[in-house]
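Okay, structure first, notes after.
The values are calculated or read from the model by the stated rules, or taken from the named source; none is laboratory data. The structure displayed is predicted, hence computed values, not measured ones. Note that we place each Cβ from the backbone using ideal geometry, even for glycine, and neighbour counts take in every protein chain shown.
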Amino acid sequence: MNDNGWMPCMNCMMMNNMEMQPMNMQPMMQEPMMEMEKDMEEEQLKMMYPIIYVKIMPLVKHHCDMHEEMHGTTHCPQHHDVEDMCDKIYKKIEKDIDEECGDDDDDDDDNKRIRRYGRRRAVKDLIGVLLLNELIGRRRRRRRRRPRPRPHYGWY
């Protein structure tokens, strides 16, 4: 109660207290909301990936996991290893890609063959790019996680 016998509402008292606090002392309610908005935006962007990415990427991650299990996390694959992984992934999705893109029956066989080879090369290149990005990303994440050496001040 104040001098007039009037008691301000609790909300008013809380608002007055918040207004008096410096900006950095106010409750940080906005940060979690901003993080949620960023996560939602990221999910919306991920939904825009083409269907071919959605089909290829799980296989890429699986092959990277298998490679790490067989050779360890520090092994750097050679060019032929990456080519072999690309070929294996392509063979697994080749039928799906042919169904997705469809073949026109009115084209002659030579045109189909040329077009199919061009598409195959493009898809294999895409697989190679995704595979290399995944391998590089995994190496970077492992490098960042290592704790920095702390100085020893005579304590051994």
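Quick one: count up the residues across region 33-85 that are more than 19 Å from Leu126 (Cα to Cα) and either among the polar types (S, T, N, Q) or not in a helix (DSSP H, G or I) (or both).
6
Evaluate the following for Arg150: is it surrounded by fewer than 10 Cβ atoms within 10 Å (Cβ to Cβ) and modelled with pLDDT under 75?
Yes.
With (1) of a type in the set (Asp, Glu); (2) under 30 Å from the mean Cα position of the chain (by Cα); (3) modelled with pLDDT under 90 as the list, and Asp125 as the residue in question, which single condition is left unmet?
Going through the list (1) of a type in the set (Asp, Glu); (2) under 30 Å from the mean Cα position of the chain (by Cα); (3) modelled with pLDDT under 90, Asp125 breaks only (3).
Within region 103-121, does at least one residue satisfy the condition of being touching a Cys at 6+ places or on another chain (Cβ under 8 Å), modelled with pLDDT under 95 and surrounded by 10 or more Cβ atoms within 10 Å (Cβ to Cβ)?
Yes, some residue in region 103-121 is touching a Cys at 6+ places or on another chain (Cβ under 8 Å), modelled with pLDDT under 95 and surrounded by 10 or more Cβ atoms within 10 Å (Cβ to Cβ).
From (1) surrounded by 11 or more Cβ atoms within 10 Å (Cβ to Cβ); (2) modelled with pLDDT of 85 or more, pick out the condition that doesn't hold for Lys91.
Status for Lys91: all satisfied but (1).
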